[in-house]
Amino acid sequence: MRHAMSIFKKGLVWTILVLLLATATGCGNVYLDPGPNPAKVRVKLWAKVPEKLKKYPGEWIYWDWSLRLVVPKGAYPMVKPTVPQDFNTIPNTNPLVRDTTFLVPPGKHKYLLEVYGYAIRQRGEHSGPKVLTDLVDYITLDLAPGSTKVIERRVGGQ
């Protein structure tokens, strides 16, 4: 009986480890392959949730942001940054300041730059995100292979 329980426990531990590994590898962002000789889009971003929108001084602000290729059907794929970084649930940062270069396919394409600044607020018995500042910007670019386009955006305020 003890031997069967030991095998069960080992199997359970291995199952948990495999699930954790699968979850960890699945959590990373999946980026669009820009193909050979990509162009670059450099995004200079400054975003801030104004103090007057906070519930109290020192309230944590979180950020989600991305640059995505607009495609006819399905989810818009994120374009790949040249330097890995977090794009989702960036905690306790206000303002969010980024200078990020992305690899994009050359040619004429439409992109979506999204920025969301939010706080986690209590709603009844549950808590959830409350968006306080955002930017949703569709940008059409026609880029030659190897070229670079700089986009500067300021979101929010004092």
ask   = In nm, to one decimal, how far is the modelled label at THR140 from the one at ASN29, with both set 7 Å along Cα→Cβ?
value = 2.6 nm
ask   = Which of the lysines could be linked to LYS80 by a straight reach, that is with a Cα gap under 17 Å, when you skip same-chain ones fewer than 8 residues away?
value = LYS40, LYS44, LYS110, LYS149
key: Sequence ranges 124-135, 145-156, ranked by mean other-Cβ count within 10 angstrom, highest first   = 145-156, 124-135
ask   = How much FRET efficiency would the formula 1/(1 + (r/R0)^6) give for LYS130 and ARG153, where r is the Cβ-Cβ distance and R0 is 25 Å, rounded to 0.05?
value = 0.70
request  = In nm, give the distance between the simple-model label positions of LYS55 and ASP86, each being 7 Å from the Cα along the Cα-to-Cβ direction.
outcome  = 2.0 nm
ask   = Per the Cauchy relation, a quarter of the hull surface: what is the mean projected area of the convex hull of the alpha carbons in the range 29-156, in nm²?
value = 8.7 nm²
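Taken together, the values in this text are just the output of simple stated rules run on the coordinates, not laboratory data. As the structure is a computational prediction, the values presented were derived from the model and not from experiment. All Cβ positions, glycine included, derive from the backbone under ideal geometry; neighbour counts span all protein chains shown.
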